[in-house]
Amino acid sequence: MRVRELAVAGAFEFVPPIFRDARGQVVTPFHGEGFSRVGGHRAFPVAQTIHSVSRRGVVRGVHFTVTPPGRTAKYVFCPHGRVLDIVVDLRLGSPTFGRYDAVPLGPDDCRAVYLPVGVGHAFVALRDGSVMSYLLSECFTPENERELSVFDPRLRLPIPSDIEPILSERDRKAPTLEQVMAAGELPEYADCLRIEADIFGAYGNAAV
C-alpha cells in the first residue's frame, strides 16, 4: 500500500497493490496496516458505510461536519465508474486552511482518500453509474452537516469544464466560504486534532 500526503494537512491518498490474472483482479481498497502509517493510527473505527451512485456530471459537496459535536473522519474510494475527489481544508488555524487537493478515483488503480475530521469533501462524477464508497468514523447525522458552494471563486475548485454540473437543491444554494465563516460554523483546527486523537486513541493509537 503506497501512501501520499495531500496538499491538505492530514489528508492522505492510498494506492493499493492490484493482483491481476486471466480471471480478473483482486484488490484491497482499505488495509489496516497501510492505514497505520497515517499519524500513528492503528485502526479506522468504522461506524457506518455508505455507497452513492451518480450519473456523469453530478457534483456532490462541498460538505463538512460541524465539529464539535461532529466527529467524522472519512475514508473514500470509487469501486465503479470514475470520479474526481476533492478535499478542502476548512479548519480555522490549519497550516493549509483554504487549500484543496483533487484525486481521480476509480477501479483501474483503486486509489482511496482519507479525510481527517473537519475537512470539506466534494466529488464530481465523470462517468454514468459512478459509485462512491464511504467508511465513516461516526454515523451520519444530518443536523451536524453543512454545505459550502463548490463554485466559490475564493476556493477555485477544479470542476471539469467539459461537464454540465448536476447539483442538489441544497448544493445549488450553498453559501460561500466567507458566509460560512461569518456564521461561525467552520471547525477549529485544534479542536479537530483533539477529536482525532480521541477517536483513534480509543483504539490504542498514538496521538495525532
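Residues to consider are Val15, Val103, Val117, Val66; find the one that is within 20 Å of Ile163 (Cβ to Cβ), touching a residue at least 24 places away in the same chain (Cβ under 8 Å) and either surrounded by 14 or more Cβ atoms within 10 Å (Cβ to Cβ) or among the charged types (D, E, K, R) (or both).
On the way: Val15 fails: within 20 Å of Ile163 (Cβ to Cβ); Val117 fails: within 20 Å of Ile163 (Cβ to Cβ); Val66 fails: within 20 Å of Ile163 (Cβ to Cβ).
None of the others qualify; the one that does is Val103.
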*asked:* So, Ala122, is that one over 19 Å from Val76 (Cα atoms) and not hydroxyl-bearing (Ser, Thr, Tyr) or not?
replied: no
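Being over 13 Å from Val8 (Cα atoms), among the hydrophobic types (A, V, I, L, M, F, W, C) and out of contact with any strand residue (DSSP E or B) (no Cβ under 6 Å at 6 or more places or on another chain), is that true of even one residue in the range 68-83? Lay out the reasoning, then the answer.
Restricting attention to the range 68-83, the residues satisfying the condition of being over 13 Å from Val8 (Cα atoms) are 68-83.
Narrowing the set further to residues that are among the hydrophobic types (A, V, I, L, M, F, W, C) leaves 73, 76-78, 83.
Imposing the further condition that a residue be out of contact with any strand residue (DSSP E or B) (no Cβ under 6 Å at 6 or more places or on another chain) reduces the set to 73.
Yes, that holds for at least one residue.
May I ask you to verify whether Thr96 is surrounded by fewer than 21 Cβ atoms within 10 Å (Cβ to Cβ), in contact (Cβ under 8 Å) with a residue 60 or more places away in the chain and more than 17 Å from Ala11 (Cβ to Cβ)?
On the way: surrounded by fewer than 21 Cβ atoms within 10 Å (Cβ to Cβ): yes; in contact (Cβ under 8 Å) with a residue 60 or more places away in the chain: yes; more than 17 Å from Ala11 (Cβ to Cβ): no.
No; evaluated as a whole, the condition is false for this residue.
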Given the conditions (1) without any contact (Cβ under 8 Å) to a residue 24 or more places away in the chain; (2) among the charged types (D, E, K, R); (3) buried (at least 22 other Cβ atoms within 10 Å of the Cβ), every one holds for Asp85 apart from (1)
Residue hits (the range 7-60; within 17 Å of Gly81 (Cβ to Cβ) and at pLDDT 95 or above) are Ile50, His51, Ser52, Val53, Ser54, Arg55, Arg56, Gly57, Val58, Val59, Arg60
Exactly one of Ser137, Ser133, Ser168 is out of contact with any Leu (no Cβ under 6 Å at 6 or more places or on another chain), crowded, with 19+ Cβ neighbours inside 10 Å and among the hydroxyl-bearing types (Ser, Thr, Tyr), and that residue is Ser137
For the range 33-50, does any single residue satisfy the condition of being touching a His at 6+ places or on another chain (Cβ under 8 Å), buried (at least 17 other Cβ atoms within 10 Å of the Cβ), under 18 Å from Cys139 (Cβ atoms) and aromatic (Phe, Trp, Tyr)? no
The lone condition Arg60 fails out of (1) touching a Phe, Trp or Tyr at 6+ places or on another chain (Cβ under 9 Å); (2) within 25 Å of Arg37 (Cα to Cα); (3) not polar (S, T, N, Q) is (2)
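The values are calculated or read from the model by the stated rules, or taken from the named source; none is laboratory data. Remember, predicted model here, so these are calculated numbers, not experimental data. Note that each Cβ is placed from the backbone with ideal geometry, even for glycine, and that neighbours are counted across all protein chains shown.
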